[in-house]
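Visitor: First, the structure itself, so that you have it in front of you.
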């Protein structure tokens with residue numbers, strides 16, 4: 001949530017200033033202190049965020065190289081070193097990356113779940 005609020009403040013700070021924006025956001029149920037905003041801006045990205053950026057770059061490269069014709073399944077199969085199992089729908093890396101603005105036609109699908117019963 002801090003990233004969304006930080007992006008909002010970045011987009012409006014020239015017009016209103018950081019402290020007035022933080023005050024109004026706090027009054028309307030989205031508490032953020034100016035110090036939190038400045039700390040978030042200067043904090044380096046986490047290792048997970050850095051890895052997600054690399055994965056996103058690779059997904060976009062494969063999708064672009066296909067002329068935009070590859071959907072999720074073909075992009076996924078072009079990235080064998082990046083496969084992983086998601087613990088639950090909506091909580092895996094592809095879901096996090098998709099929520100960051102990647103269209104669903106490029107997101108990596110989950111691995112098929114096979115039954116252990118014979």
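The values are calculated or read from the model by the stated rules, or taken from the named source; none is laboratory data. Predicted model, so just to flag it, every value in this text is computed and none were measured. Counting neighbours? That spans all protein chains shown, and the Cβs are built from the backbone with ideal geometry, glycine included.
Visitor: Name every residue in region 43-52 that is in a helix (DSSP H, G or I) and exposed (fewer than 12 other Cβ atoms within 10 Å of the Cβ), in order of residue number.
Guide: If the condition is that a residue be in a helix (DSSP H, G or I) and exposed (fewer than 12 other Cβ atoms within 10 Å of the Cβ), then 47, 48, 50 are the ones that fit.
Visitor: Just the residues that are free of Cβ contacts under 8 Å to residues at least 12 places away in the same chain, assigned to a helix (DSSP H, G or I) and touching a helix residue (DSSP H, G or I) at 6+ places or on another chain (Cβ under 9 Å), please, taken from region 24-34.
Guide: 24
Visitor: Any residue that is within 30 Å of residue 77 (Cα to Cα) and either surrounded by 10 or more Cβ atoms within 10 Å (Cβ to Cβ) or not assigned by TED's automatic domain parsing to the domain that holds residue 74 (or both) - is there at least one of those in region 34-42?
Guide: No.
Visitor: Quick one: which residue in 83, 99 is surrounded by fewer than 13 Cβ atoms within 10 Å (Cβ to Cβ), modelled with pLDDT under 85 and more than 27 Å from residue 2 (Cβ to Cβ)?
Guide: Selected residue: 83, the only one of 83, 99 that is surrounded by fewer than 13 Cβ atoms within 10 Å (Cβ to Cβ), modelled with pLDDT under 85 and more than 27 Å from residue 2 (Cβ to Cβ).
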